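To keep things clear, I will list the structure first and then write my remarks on it.
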Amino acid sequence: MAHKDRSTGITAFAGIHNDWLNELFDSEIPKETSATCHSCAMCTSNPMAEKAFSPVTKCCTYWPVLPNYLVGSALSDMSDGAREGRERLTAMLSEVMAVPNGLGVSQSHQALYTSLRATGFGVEEKMLCPYFDKATGGQCSIWRHRNAVCATYHCKYRRGATGMEFWQAMKRLLKSVEGAVALWSAVEMGIPVSVARIKPRSSIERGRDASNGWAVIAKAPAHMWGKWNHRRADFYVGCFAKARSLSWQDVLRLGGVELEILVSTAQKAFQANLKTRVVDRVIPAPVMVLRRSSSEVFLQTYSPYDHQRLDARVFHGLRHCSGQPVADLRETMKQVDGVEVDDALLERLIDNRIVTVIR
């Protein structure tokens, strides 16, 4: 399976994923400029703003599962700034959360995440990701090797719900890729299929039983590794080498029909995230009014993390919106409320689910 080196225009994901996805998309993925990880957009002291994250944690209160080849990618990274991540990963390799399929979470963290997720996400320091490096001001020590969940999560989106739908489609696609490539890589490294299928413990999965391999993981992880038990770092690096040999077409074959469907969905969402719609009719969408004044209205629409501030005249003008042609709605709002609904404003109303397109 030949892998062809290339300079890629896709840079939003782990390096190996960027290489593969360069064959899927014909242009760069627009950056989510409103979600600023280095200076967290959710760390605000404004009491009227959306739910705030703690500057001590930001959104890094989730411990990601890393497929085996991404663990190997991080362990192989000798670039500037990669040492901290390598050391943290190496310290986990002898722990029970390390299995041939990948590197999961500790049992205590899983229990903590399950109990505190609803109220503690973004604020509870006890939930901090083990790859979160406080010494660098709260940066990720394995950023170049992050998994599907971390690579696709944003608190805010340039195109609102339209952007969120694209990134969610990409998360489902990449998780499918991770599952297929991790299984194949482990088997290629000599792990029996029955063992290679046992997935690492996840923060958000609960109630799994012995039939899913948890009893095996809890009792005797060494038995899962065979000849690799004392060479786990070498095993993961080997998985990365195997994965790097794959072209995107190889990955598609490993993923099968399920991955083909996810690719089609992601490509459609990608195009929607790039293009301006041609809209005939819209109707009001359900929204929650959080606060209003004579000049502006604050709304919660598609996300509790991305409240919308709308000109009060625009918001009140939407009372005329009843599914009539958009040209008629524009004329009515201009004549009655003095509001110009240009294409940019209409796009924003649609993207943020303040109005809904109908056909």
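Are there GluC sites (Glu not before Pro) in region 32-109 that DSSP puts in a loop and that have at most 15 other Cβ atoms within 10 Å, and which ones?
Glu95
Of interest is the spacing of the C-alpha centroids, which for region 316-359 and region 38-108 amounts to 43 Å. Against the empirical curve 2.2 N^0.38 Å, the C-alpha radius of gyration of the chain lands at a ratio of 1.13. With Rh defined as the Kirkwood radius, the inverse of the mean 1/r over Cα pairs, the Rg/Rh of region 229-359 is 1.26.
Computed in the context of the full set of protein chains, the accessible area of the chain at 1.4 Å probe radius has 53% of its extent on carbon or sulfur. Largest GNM mean-square fluctuation among Asp19, Asp250, Asp80, using the chain with Cα springs under 10 Å: Asp80.
Rounded to the nearest 500, the helix-only mean residue ellipticity at 222 nm of the chain stands at -13000 deg cm²/dmol, with each DSSP H run of n ≥ 4 adding -39,500 (n - 2.57).
Coupling constants for region 279-294 follow from the phi torsions by the Karplus curve (6.51 cos²θ - 1.76 cosθ + 1.60, θ = phi - 60°), and in residue order they are 10, 9, 9, 9, 10, x, 9, x, 9, 10, 7, 8, 6, 8, 9, 5 Hz; glycine and proline get x. Region 1-155 gives an Rg/Rh value of 0.98, both radii derived from C-alpha positions and Rh following Kirkwood.
Applying D = kT/(6 pi eta Rh) to region 71-204, where Rh is the Kirkwood radius over alpha-carbon pairs, T corresponds to 25 °C and eta to 0.890 mPa s, the Stokes-Einstein value obtained is 148 µm²/s. Of the peptides 60-70, 113-123, the order by per-residue mean of other Cβ atoms within 10 Å, starting with the highest, comes out as 60-70, 113-123. Pairwise alpha-carbon distances in region 255-316 exceed 17 Å for 63% of all pairs.
The values are calculated or read from the model by the stated rules, or taken from the named source; none is laboratory data. Everything quoted here is computed from the prediction, not taken from an experiment. FYI the Cβ positions are ideal-geometry reconstructions off the backbone, even for glycines, and counts take in every protein chain you see. Note: accessible area is taken over every heavy atom of the protein model, side chains too, but ligands, DNA and RNA are not part of it. Shrake-Rupley method; radii C 1.70, N 1.55, O 1.52, S 1.80 Å.
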